[in-house]
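A.B. asks: Handing you this structure, nothing more for now.
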Amino acid sequence: MAPKSFLIFHNPQVARSEALANTIDASLRTTHGCHAECTTLAAAEERALLPAPDMLVAVGGDGTMLRVSRLGALLGCPVLGINLGRVGFLLEVPEAEWQAALVRVVAGDFWLEPRMLVYAEHMRAGARLGEHHALNEVVITRGALARPVRLKTAIDGSPLGTYIADGLIVASPTGSTAYALAAGGPILPPTLRNIVLIPVAPHLSIERAIVLAEGAGITIDVRIDHPAILSADGQVEVELRDGDRISVRASQRDASFVRLQDAAYFYRNLAARLAYKESLQ
């Protein structure tokens, strides 16, 4: 179905983002006869976005795409990413190709790729302190002190063991190519629905990454005598205390990415990203 209404997000911290977002807005209105509006995530979070638009557009880098995708999952809106970043692994359209991309999108010539989010619930003394959705990963990590955290972990109620490490990454398939990859985790195709556990600098404890079965739930009991942090996609941080419990599972909401390339795009992009990494060495 061809979309008729768009909400375009720009990142004030990314050069050229607002100017390009305004240009896209004008093109959608005048050239394609669609309803369009430009905004920032900060502004959008301060007001109700109902009725939801047919499509969200993220103009920026991967950080912008992460935030817009979480919003899209909550609203049930697909997201088209236009890349202004250095790598832009999540974004579909290079900056120079946005006009051709819009022609295809408004004609309905695209497909939607579901991306699983992870959902984390933060409990303390039996009370829920918060909940967080993440497209890439939820991480429990030490604070400023260079001391490991102890994380007693169970899978579907069965004890797995206690991680003694700088941290523990709980990643989605999308997140398997982000922090999880840097920590030595495996790369998963993005449309799988498995969660990956990856310890960060483990000390005399579980050292290997573990890919969990689809639908598995993780319970993590925090054992610390110093500050620790819970983060979601590296953009939300919450201080943890001894005895806190973090429960993580697949979210009931999926993000939906607008794709113009064929389904083999992931491996082409992955090869390009790895080549980019090698060029920096």
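A.B. asks: When you go through A180, A146 one by one, which is the residue that is out of contact with any Pro (no Cβ under 7 Å at 6 or more places or on another chain), under 13 Å from H203 (Cβ atoms) and not charged (D, E, K, R)?
C.D. replies: Details: A180 fails: under 13 Å from H203 (Cβ atoms).
Within the list A180, A146, the selection yields A146.
A.B. asks: Only one of I82, I8 is in contact with a Cys (Cβ under 7 Å, 6 or more places away or on another chain) and either more than 25 Å from S231 (Cα to Cα) or at pLDDT below 95 (or both). Can you tell me which?
C.D. replies: Numbers: I82 fails: in contact with a Cys (Cβ under 7 Å, 6 or more places away or on another chain).
Only one candidate qualifies: I8.
A.B. asks: Scanning for something surrounded by fewer than 22 Cβ atoms within 10 Å (Cβ to Cβ), touching a His at 6+ places or on another chain (Cβ under 6 Å) and on the phi < 0 side of the Ramachandran plot, does region 33-54 turn up at least one residue?
C.D. replies: no
A.B. asks: Restricting attention to region 96-114, does a residue exist that is among the hydrophobic types (A, V, I, L, M, F, W, C), part of a strand (DSSP E or B) and crowded, with 21+ Cβ neighbours inside 10 Å?
C.D. replies: First, the residues of region 96-114 that are among the hydrophobic types (A, V, I, L, M, F, W, C): 96, 98, 100-103, 105-107, 110-112.
Those still in the list that are part of a strand (DSSP E or B) too: 111-112.
Okay, now just the ones that are also crowded, with 21+ Cβ neighbours inside 10 Å, so none.
The answer is no; no qualifying residue exists.
A.B. asks: Being part of a strand (DSSP E or B) and surrounded by 14 or more Cβ atoms within 10 Å (Cβ to Cβ) is the filter here, so list the residues in region 248-274 that pass it.
C.D. replies: Of the residues in region 248-274, the ones part of a strand (DSSP E or B) are 248-259.
The answer is V248, R249, A250, S251, R253, D254, A255, S256, F257, V258, R259.
A.B. asks: When you scan region 27-94 for strands (runs of 3 or more DSSP E) that lie fully inside it, which ones turn up with 3 or more residues that are touching a residue at least 60 places away in the same chain (Cβ under 8 Å) and within 21 Å of G175 (Cα to Cα)?
C.D. replies: Values: elements: 35-39, 55-60, 79-83.
Those strands (runs of 3 or more DSSP E) span 79-83.
The values are calculated or read from the model by the stated rules, or taken from the named source; none is laboratory data. Since the structure is predicted, the reported quantities are computational estimates derived from the model, not experimental observations. Neighbour counts are summed over all protein chains in view; Cβ atoms, including those assigned to glycine, are modelled from backbone coordinates with ideal geometry.
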